[in-house]
């Protein structure tokens, strides 16, 4: 490794790189003010959110009119979620992402506490206890968990650097976190989020350099455990069987997916036209939620669905680019983690909707109706945008100056007090 | 950058692995696009159809079913419009509250648990109650519940209650398919076309309409016009029921046909069956006995034995046969006549008149068993007569394998089984000059405007004997009802009757041996004997419960025959005339031949005003709280039926539209069970 020592790039003299050394990222070579944020990413996200609002309205209007006499009920709700989310995005954009380093443990612990709490005081809906209500605000701890996990993993992996390859340092602690998280999620039960979180943790360990053998072994164990979770829970078994045998029980467990595939198939190339779908008449339950993809496929056709997939591909691509351009490993891991969660959720959700994957109950980011999910997703976009600017960490850079100032201030205060005492004494 | 990566392999590895992980996501998203394309391209058309079908699935209803009418247009089975209540549960916020309201409006006549389950099923369309009275439907409509609608559906109604119930069968199931009898046999013709209601949400999500169904008369099913004459059917049924009651017999059947055309004018089973109240009956109660019950005919079969020997020329009416004083040993078996007799050599006429079993055997024995067996088949036994409804075939063993005692048994009608209708048709051949007719039950099929779609004419199956043989057979049969014969009870003061009694032993299904309790008492014949207009076959199943109970054909069946023939003849235009000489020596000169201008069809009656009251034998008791006939004038069919149900009397409907005339007229004093004839017209 030392063969490359002392090589210079441009005007920079680079130190030797060894396994022990801090990795110097390309982003760190930027001037202190960094660059402007990723406008492409922002445009993609705004397009997705806009499409989401339109589709949520189209999918829910009739049933809300029937049940509540207010067809715009869900639209206004989701719009307010988007407004909250945009504010959160602004905060994410303004707050230096490195500040989350110190939030890693508090967030993780707080979220775990919430996950425990939700099992006791959570609101039950559709046979799952996933929501918690505090002071009139209802939210989903498992959504927060995804962000907390990304921050925690990014912080932990950066701290451990190359030692991630060591089993006791790289694997054991994260595996413990994974175990606790999976246990709490399965109790809700929220199988979909469990799969996402497990994939996230293992994926981040993988990119950070964990040995493939370890990860492979864990995946095998995970699959075995997952299979156990499937066969021991009738509803999950039904879901898997419904996926494997869609015609065995077309009005039962396969109903939702069958109807969704029917909606997409009957939509054709360009769809039946916005608002003209019939899935919304109650044929596809939870159309505005997990199955918003069916509404898109039916009303906007194959083209609409392809555009959504394309937008997510661009989003993931920009996310990866931001990760690569980050100033240090924490930013890189953080950007990658957030991107991975978006990408996984989008692809798994759309896979379910088109009948490729068994039903997991995951929502489509930015598009599906949902308060916590939308607000947090937009906040994460803000964080991504912040990372994309790759500014110098002014807090760290000015540490010496700040400490000097603090010292001067302290000495000055002491001096003043001393002088006062002296004057008083005389 | 590449230089940097080269210098920092760890960074390169991280970036490589990140790209790898992200590629998986890319691949998944591309797979989604491919899958959506596949679903659209491979299954698109099918899925479009499927989704459309799903939108309309529950909304398909059938248009009104066609009617079944007798030969004069009297409605035997008719569909009337009633209300069905449906709901879209997604529009009902308070499902249980709505259920309570609906249950109250429908007089609690719904299965609450079932309806509750339906309301909570999450479907977009469920039935609340089907085929309720229009009045209840109107009450539901008045509730004005959003998401609850009323549609008109047709309900099957048999206005004459038991009349021809066994023959008509019934419909059932939600779609009212024919399940038994004519309703089943002609289901294809009777059933109405399917139509969809523009109710519940359409693809653009408009809310469901709660209005009535559209006019669907153009899809109405075709109607079946029978050869049955309701008045003769009434006579046959009431007299059979009366006879069963009088003799304490368990069941029976009657067939009345026109020998010249093979038209079935009446086909009755007893006890009676009212298809309106189907739920109160069991399968045995709606068995159409004249064609489904097979039985050992007994002595009535001697007519076939005689005709075959005469036709074969092996015996003549002048021959005399040795009846061996009523007891004859054949191998180990002994056959007996019903009564010991001092005679040995007797005439053919004597054998038939006194129903000698040994005599019948002697007559049959003049032919080979194969020839006799051939005649039996020629007369139509052992094969279906060709009706459109299910029939029994009967069973005749292979004649060449008959042992001698079986030959003897068959000669007097034991050891083979037949149906009532087969016997009737065979007699028809003797009555019409020797031609075996195919029985006709359906005259024509008409569309909703009364235009004939398909008509069925008389059909001769084959000639089975010469007219002379037929005449001779009839002549011998006339002696049966004459003084000293076994069937005197079937006699008629005005007309000569040719007939034959039968008292057959039945095999007890449990012991598989001839029972001393179970008999088939029968009387078959035709009137007037010299120029037959009606062939009437009466078969009664007797389970003897005490020693004195009548069980012979002469005492059980013959009186039923007499009452049916006496009441029916005037209705087919055979009237006793004072000019008529009592015994016509030569039938060719009989004046009634002139009186019956159109012997083969009864079309001259279709013009007659509402049929006359014919319940001659029914005693009319005027109770203290005398009932008066209400006025039906100007009412619709539905209203009329409602009134009649309330008043508890029968309705005979002629025509369609609104009531233009009724008989008896309004205000007439009524008995408890009386029939009102309504003439309907004015339908556009």
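Largest first and in whole Å, the equivalent-ellipsoid semi-axes of segment B:439-561 read 33, 23, 15, each the square root of five times a Cα gyration tensor eigenvalue. Look at where the Cα atoms of segment B:62-117 and of segment A:48-99 average out, and the two centres are 45 Å apart.
The mean count of C-beta atoms from other chains within 10 Å of the C-beta of residues in A:356-367, rounded to a whole number, is 1. Remark: segment B:230-572 projects, on average over all directions, an area of 18.0 nm² (convex hull of Cα atoms). Peptide packing: for A:27-37, B:500-510, the average count of neighbouring Cβ atoms within 10 Å per residue gives the ranking B:500-510, A:27-37, highest mean first. Residue A:417 to residue A:321: FRET efficiency via 1/(1 + (r/R0)^6), r the Cβ-Cβ distance, R0 45 Å, to the nearest 0.05? E(calc), rounded to 0.05, equals 0.25. Counting, for every residue in A:303-311, the Cβ atoms of other protein chains within 10 Å of its Cβ and taking the mean gives 4. If you fit an axis through the alpha-carbon atoms of helix A:292-324 and take the longest principal axis of the Cα set of chain A, what angle between them do you get, 0 to 90°, nearest 10? Taking Cα atoms only, the helix is inclined about 20 degrees. Full extension of the segment from residue B:370 to residue B:511, taken as 0.36 nm per residue of separation minus the current Cα-Cα distance, would add 47.6 nm.
Shielding of peptide B:484-493 by partners, expressed as the average count of other chain Cβ atoms within 10 Å per residue Cβ, is 0.
Classify segment B:485-531: rounded, prolate or oblate, from the alpha-carbon gyration tensor (a ≥ b ≥ c, eigenvalue square roots; a/c under 1.5 rounded; otherwise prolate if a/b is larger than b/c)? Judged from the Cα gyration tensor, segment B:485-531 comes out prolate (a/c at least 1.5, a/b above b/c). Annotation: the residues B:228, A:144, sorted from fewest to most other C-beta atoms within 10 Å of their own C-beta, follow the order A:144, B:228. For segment A:22-133, the direction-averaged projected area of the alpha-carbon convex hull comes to 10.9 nm². Percent of Cα-Cα pairs more than 21 Å apart in segment B:359-493, please. Here the tail beyond 21 Å accounts for 54 percent of pairs.
Sort A:390-401, B:130-141, A:296-307, A:413-424 by packing, meaning the average of other beta carbons within 10 Å per residue, with the highest value first. Kindly include the intermediate steps, with their values, before the conclusion.
On the way: A:390-401: 14.0, B:130-141: 17.9, A:296-307: 24.8, A:413-424: 9.5.
Highest-to-lowest ranking by the protection proxy: A:296-307, B:130-141, A:390-401, A:413-424.
Please list log₁₀ I(q)/I(0) at q = 0.13, 0.15, 0.27, 0.29 Å⁻¹ for segment B:104-158, using the Debye equation with identical point scatterers on the alpha-carbon positions. Each listed q maps to, in turn, -0.35, -0.46, -1.30, -1.38. Diagonalising the gyration tensor over the Cα atoms of chain A and scaling each eigenvalue by 5 before taking the square root yields semi-axes of 44, 26, 23 Å, largest first.
Readers should treat all values here as calculations from the given coordinates under stated rules, not as data from a laboratory. Since we're looking at a predicted model, the values are computed, not measured. For neighbour counting, all protein chains shown are included, and Cβ atoms are generated from backbone atoms with ideal geometry for every residue, glycine included.
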